[in-house]
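In what follows, a single structure is set out as structure tokens and then discussed.
FYI, it's all coordinate maths here, none of it is from the lab. Predicted model, so just to flag it, every value in this text is computed and none were measured. Cβ placement follows ideal geometry from the backbone for every residue including glycine, while neighbour counts extend to all protein chains displayed.
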Amino acid sequence: MREDSPHALCITSDPSLRKTLRRTLQAAGSTVEFMESVEKTTGGEGSGPVHLVVVDQNARRAPAFADLIDRTCAGDESAGAVIVLGESLEDDELVALLKRAPLDHVISDADSPDETELVVTSVKLITGDIFGLEKYLSWGVKVHELEIDSYEQKRSALLTASEHARQVGARRQVIAKIESVCDELLMNAMYDAPAVSRGEEPQVPSSPEAEAAMNKERALLRYACDGRYFAVSVEDRYGQLQKSDILDNLSRARASKGKPRSNAGSGRGAGLGLYFIMSSVTRFIANILPGKRTEVIGLFDLRQSGREAEACAKSMHIFHERLIASGS
């Protein structure tokens, strides 16, 4: 490993999780250091600047965790990133903590975390190359793209994406969620983000005719399936989505217990209906280049049972386009 490789600090006493983290983080190009508890990191500088901190549930709940964030990041969001494993997005305390930068990554599965998700997250944080749903799917999967700038094109695109989901074997309930999430994301990209960029309040159209008459912009819908996950993404050219939007709507998603009304509420940027999206996807990823570009990705686990599919997203990642590695 090169001396200038990014440095990852992992805080967990679980031997199995340590093995997983060593494999995945080294695969992502990091040197890896382990600590058994947050308290043991207090006052030490470790092996140099820390670019990535991975903590399990016990470490996150330790009283010294807030101090660790302060010392690791020193008030600079680009100085490091924190990934929490084994926590639920339905936990009030965690949601409150998420509002504190740079805690932007939560993966609920700690006993057997998806190693691909860990590798992808780490590589994106290290390199700053954050855009593209391909990163979350098996290599070589065909990605379908549709550019949309009218109500008619949007309606056709929703039918096309949902039909593809049916062809790959998604269950009826999942197909309905895929279509609804694509609809919400396209509404956000075509109508809400442009309105916010102009300093206007996003409006909820009262009918398809009213929607068609609204000022709108072009959006890019992409979708693909690798047999395990059906992935969708929508991209706009405004970069108006903010972390506070996501967290505010996450709270609403949890309060609705997976059954939100998709036509209620509003917010800035991609705020409209975002709480519905958070209640529908297995994984939620937001890639943001502020003021220029937003890509929201939703992954649907085709193997989930009906009960699992009703829960809030199992993981959430918010990326800003910036380099995390040393020398950035």
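Brief remarks on what is shown
- Fewest neighbouring Cβ atoms within 10 Å first, the residues Met190, Met35 line up as Met35, Met190.
- ³J(HN,Hα) computed for each position of region 143-153 - Karplus, 6.51 cos²θ - 1.76 cosθ + 1.60, integer Hz, glycine/proline x: 9, 9, 10, 9, 8, 10, 9, 8, 4, 4, 5
- Rounded to the nearest 20, the size of the Cβ-charge dipole of region 141-182 about its Cα centre is 360 debye, with Lys and Arg at +1 and Asp and Glu at -1.
- Whichever lysines have a C-alpha closer than 21 Å to that of Lys40, once near sequence neighbours (fewer than 8 apart) are set aside: Lys19
- Förster radius 56 Å - calculated FRET efficiency between Leu159 and Lys19, Cβ distance, rounded to 0.05: 0.80
- Among the trypsin sites (Lys or Arg not before Pro) in region 96-161, those located in a DSSP loop and surrounded by at most 11 other Cβ atoms within 10 Å of their own Cβ are Lys99, Lys142.
- Cα→Cβ-extended label distance, 7 Å offset, between Arg61 and Arg218, nm: 5.1 nm
- Taking the number of Cβ atoms within 10 Å of each Cβ as an exposure proxy, the fewest-first ranking of Val281, Val50 is Val50, Val281.
- Partner lysines whose Cα lies under 30 Å from the Cα of Lys216, excluding those fewer than 8 positions away in the same chain, are identified as Lys135, Lys142, Lys154, Lys177, Lys243, Lys259, Lys292.
- With 0.36 nm allotted per residue and the present C-alpha distance subtracted, the Asp129-Arg171 stretch has 11.8 nm of extension available.
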